[in-house]
Amino acid sequence: FRQAEVFADFHLFGISQSQSGWTFDARLDAVASVLRQAGERAFLFSLGPAFVLTKKGSRLALKFGSSPTFLSDARFPHKNLGGHFHFISHIGATLRVGKNWGVVYRIQHLSNASTLQPNPGLNLHVVGVSLDF
């Protein structure tokens, strides 16, 4: 499988900041992507919460979340993902390289949470670039 996506990450609020400089923020992730396998493609749309852990002065941020996801077509040549309604769960990190951009790596899991059969799930490694506006 190959996936290409664009995403927006909206800051909701900072949950806490400790004496040592750690901050735990709540975010809202909005994602639109194309999932491809063997010439077939489907569109994914996802909206849901994410949480970011950072330390003041550090260039590294850890992020995790889980979002309800709509998949336009679950049937691919080599795998049936089972239905239109799924969840994407992810955990990853962003390394700030410049003032307004960074390099992103995350592991994500797509699953219909056993609401339909089959439910094989799909694990992907995602590498990207983030830009702050």
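Worth pointing out:
- Matching residues in the stretch 1-16 - criterion: being at pLDDT 90 or above and part of a strand (DSSP E or B): R2, Q3, A4, E5, V6, F7, A8, D9, F10, H11, L12
- Residue that is farthest from S18 (Cα to Cα) [pool: residues in the stretch 28-61 that are open to solvent by 80 Å² or more (accessible area, probe 1.4 Å) and of a type in the set (A, V, I, L, M, F, W, C)]: F43
- Checked against the criterion of being touching a Lys or Arg at 6+ places or on another chain (Cβ under 8 Å), modelled with pLDDT of 95 or more and within 25 Å of H11 (Cβ to Cβ), the stretch 102-118 contains one or more residues that satisfy it.
- Failed item in (1) closer than 16 Å to Y105 by Cα; (2) open to solvent by less than 90 Å² (accessible area, probe 1.4 Å); (3) among the basic types (K, R), with R2 passing the rest: (2)
- The set of residues in the stretch 5-27 that are closer than 21 Å to V127 by Cα and surrounded by 13 or more Cβ atoms within 10 Å (Cβ to Cβ) comprises E5, F7, D9, R27.
- Cβ-Cβ distances below 9 Å connect the following pairs, each with a first residue in the stretch 31-51 that is outside any strand (DSSP E or B), a second residue that is among the aromatic types (F, W, Y), and a separation of six or more residues or different chains: A38/F76.
- Candidate set from the stretch 68-86 (those that are part of a strand (DSSP E or B) and open to solvent by 70 Å² or more (accessible area, probe 1.4 Å)); member that is nearest to L131 (Cα to Cα): F70
The values are calculated or read from the model by the stated rules, or taken from the named source; none is laboratory data. The model shown is predicted, which means the values in this text are computed figures rather than measured ones. Cβ coordinates were reconstructed from backbone atoms using ideal geometry, including for glycine residues, and neighbour counts include every protein chain displayed. Note: accessible area is taken over every heavy atom of the protein model, side chains too, but ligands, DNA and RNA are not part of it. Shrake-Rupley method; radii C 1.70, N 1.55, O 1.52, S 1.80 Å.
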